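Contents: one structure, followed by commentary.
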């Protein structure tokens, strides 16, 4: 089983991200896409209008979202609905993402997430007690795929000390045209800029730790082919532009934290005692 080389680890620590082309084979990518298609087909959208957004002023914090840490739930694109609240197109072309516990609740996603190659890679990064805390399937729909504003994963999955790492798997080619990731090389060295916390009395709030703006001119595109894996340090500033093309940009993301670190009770993502976060066993 291939291990991360010293050069790759040095590059990851320097830039805050690492691109590994060809990590997942075509069969594995297609299996996740087919399973996602089945789950969306089974989803009944009546009565659900939870919209996903990373914009601080519009960030969804409804009960459906806040209760999704140990479930499989579906979130719509911001532009999915018309002014009367009706879907503009089919539900299959309206879903922004699924989250946030496919890796624990669905056998197809579990097998992919806990594959020996993934466990080995996480070990190479220095984790001693890894916990798979969150999974997301992102559709980045044609024409209406929403922007993901510049952010750090540690804002949403905070531990003390910071430990979260994102594993971003390209299930289709990701290009500038269809909304690939962009990142600020070395931006993880600046420190955490904000925390997304559960608020007293319900809902959520952002706590600003550093008001300096992101140097967005330093963003670089991470265009990758289907099957690539992008490792993302939890403090790395990254984003993606809207997808106005006719091509989707499916991706699967997995977030890992160190079990020995403190996971605060006011983090937005919480899990029921009956389904605690677990590692690769």
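Quick check: is even one residue across segment 93-101 farther than 29 Å from residue 206 by Cα, touching a residue at least 60 places away in the same chain (Cβ under 8 Å), in a helix (DSSP H, G or I) and over 18 Å from the mean Cα position of the chain (by Cα)? I'd like the intermediate steps shown before the answer.
So the first thing to find is which residues in segment 93-101 are farther than 29 Å from residue 206 by Cα, and the list is 93.
So of that shortlist, the ones also touching a residue at least 60 places away in the same chain (Cβ under 8 Å) come out as none.
Looking for residues that are farther than 29 Å from residue 206 by Cα, touching a residue at least 60 places away in the same chain (Cβ under 8 Å), in a helix (DSSP H, G or I) and over 18 Å from the mean Cα position of the chain (by Cα), one finds none in segment 93-101, hence no.
If I go through segment 1-52 residue by residue, how many of them are part of a loop (DSSP other than H, G, I, E, B) and at pLDDT below 95? Please lay out each step first, then the result.
Filtering segment 1-52 for residues part of a loop (DSSP other than H, G, I, E, B) gives 1-5, 16, 21-25, 43-50, 52.
Applying the additional criterion that residues be at pLDDT below 95 yields 1-3, 43-50, 52.
Total meeting the criteria: 12.
Mind telling me which of the residues 126, 69 ends up being assigned to a loop (DSSP other than H, G, I, E, B) and more than 18 Å from the chain's Cα centre (by Cα)? I'd like the intermediate steps shown before the answer.
Working: 69 fails: more than 18 Å from the chain's Cα centre (by Cα).
That would be 126, the only listed residue that is assigned to a loop (DSSP other than H, G, I, E, B) and more than 18 Å from the chain's Cα centre (by Cα).
Here are some residues: 191, 166, 179, 201. Which one is within 15 Å of the chain's Cα centre (by Cα) and either farther than 23 Å from residue 100 by Cα or assigned to a loop (DSSP other than H, G, I, E, B) (or both)?
Details: 191 fails: within 15 Å of the chain's Cα centre (by Cα); 166 fails: either farther than 23 Å from residue 100 by Cα or assigned to a loop (DSSP other than H, G, I, E, B) (or both); 201 fails: within 15 Å of the chain's Cα centre (by Cα).
Only one candidate qualifies: 179.
Can you run down the residue pairs with Cβ atoms below 6 Å, 6 or more apart or on separate chains, where the first is in segment 18-45 and without any contact (Cβ under 8 Å) to a residue 12 or more places away in the chain and the partner is not in a strand (DSSP E or B)?
none
Which residue pairs have Cβ atoms under 8 Å apart, sit 6 or more places apart or on different chains, and have a first residue in segment 189-216 that is in contact (Cβ under 8 Å) with a residue 60 or more places away in the chain and on the phi > 0 side of the Ramachandran plot and a second that is surrounded by 13 or more Cβ atoms within 10 Å (Cβ to Cβ) and in a loop (DSSP other than H, G, I, E, B)?
Sorted first by the residue in segment 189-216, then by its partner, the pairs are 203/61.
From the set of residues in segment 251-281 that are in a strand (DSSP E or B) and farther than 28 Å from residue 95 by Cβ, which is nearest to the chain's Cα centre (by Cα)? I'd like the intermediate steps shown before the answer.
Step one: list which residues in segment 251-281 are in a strand (DSSP E or B), which gives 251-258, 262, 267, 278.
Add one more test, that the residue is farther than 28 Å from residue 95 by Cβ, and what stays is 258, 262.
Working: 258: 17, 262: 21 Å.
Here the answer is 258.
So, of the residues in segment 238-250 that are over 13 Å from the mean Cα position of the chain (by Cα) and more than 22 Å from residue 108 (Cα to Cα), which turns out to be surrounded by the fewest Cβ atoms within 10 Å (Cβ to Cβ)?
Initial filter on segment 238-250 (over 13 Å from the mean Cα position of the chain (by Cα)): 241-249.
From what's left, more than 22 Å from residue 108 (Cα to Cα): 241-247.
Numbers: 241: 19, 242: 17, 243: 24, 244: 12, 245: 16, 246: 9, 247: 16.
Filtering segment 238-250 for residues that are over 13 Å from the mean Cα position of the chain (by Cα) and more than 22 Å from residue 108 (Cα to Cα), the one surrounded by the fewest Cβ atoms within 10 Å (Cβ to Cβ) comes out as 246.
Give all pairs with beta carbons closer than 6 Å in which a residue from segment 262-281 that is more than 18 Å from residue 199 (Cβ to Cβ) meets a residue that is part of a strand (DSSP E or B); count only pairs at least 6 apart in sequence or on separate chains.
Matching pairs, first to second residue: 262/160; 277/131; 277/133; 279/130; 279/131.
Can you tell me which of (1) out of contact with any helix residue (DSSP H, G or I) (no Cβ under 8 Å at 6 or more places or on another chain); (2) at pLDDT 95 or above; (3) over 30 Å from residue 94 (Cα atoms) is the one residue 215 doesn't meet?
Result: residue 215 passes all but (1).
The values are calculated or read from the model by the stated rules, or taken from the named source; none is laboratory data. It should be emphasised that the depicted structure is a prediction, and the values quoted were computed from it without experimental measurement. Every residue, glycine as well, gets a Cβ built from its backbone with ideal geometry; the counts of neighbours run over all protein chains shown.
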